[in-house]
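Input: a single structure, listed below in C-alpha cells.
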Amino acid sequence: NSFIRPQGDLMGSTVAGLEDLLRMSYGCGEQNMINFAPNVFVTKYLNATNRLTPEQEERAKGYLLDGYQRQLGFQRFDGSFSAFGDNDRSGSTW
C-alpha cells in the first residue's frame, strides 16, 4: 500500500510522529541523559513550530522534571557527575 501525506513544511515527513519520542528517563546517569535530552529537543521543536499540544506539553514537563531530578541523583559529593554517582571512583565529563 502506498500513502500520500501532504506536509506543510520541508521537514514534515522527517518529523511526523516526533511527539512519540517523548519518554520517561530511566537507568544509570548515561541512560537517563540519553532519554532526557530528546525530551528537551522535541519539546522545543514542537513549540517552535506551533505543534505542541497542551497534553504533550504537560507530559513533556513531567518527563523533564522527573529526568532532571533523576540526573541530580548521579551528582557526586564533589559536585561532579558520574554514571553511578558516588559508587564510581571519580566523576566524568559527560
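Yes or no: segment 70-91 includes at least one residue that is out of contact with any Gly (no Cβ under 9 Å at 6 or more places or on another chain), surrounded by fewer than 14 Cβ atoms within 10 Å (Cβ to Cβ) and modelled with pLDDT of 90 or more.
The answer is yes, given that some residue of segment 70-91 is out of contact with any Gly (no Cβ under 9 Å at 6 or more places or on another chain), surrounded by fewer than 14 Cβ atoms within 10 Å (Cβ to Cβ) and modelled with pLDDT of 90 or more.
It is to be established whether one or more residues within segment 17-24 are at pLDDT 85 or above and open to solvent by 30 Å² or more (accessible area, probe 1.4 Å).
The answer is yes; a qualifying residue exists.
Would you mind telling me which numbered condition in (1) touching a residue at least 12 places away in the same chain (Cβ under 8 Å); (2) surrounded by 15 or more Cβ atoms within 10 Å (Cβ to Cβ); (3) within 14 Å of residue 28 (Cβ to Cβ) residue 59 fails?
Looking at each condition in turn, residue 59 falls short on (3).
The values are calculated or read from the model by the stated rules, or taken from the named source; none is laboratory data. What you are looking at is a predicted structure, and each value in this text was computed from that prediction instead of being measured. Virtual Cβ from ideal backbone geometry, glycine too; neighbours counted across all protein chains shown. The protein model used for the area step is the full one, side chains on, heavy atoms only, and it has no ligands, DNA or RNA in it. Shrake-Rupley method; radii C 1.70, N 1.55, O 1.52, S 1.80 Å.
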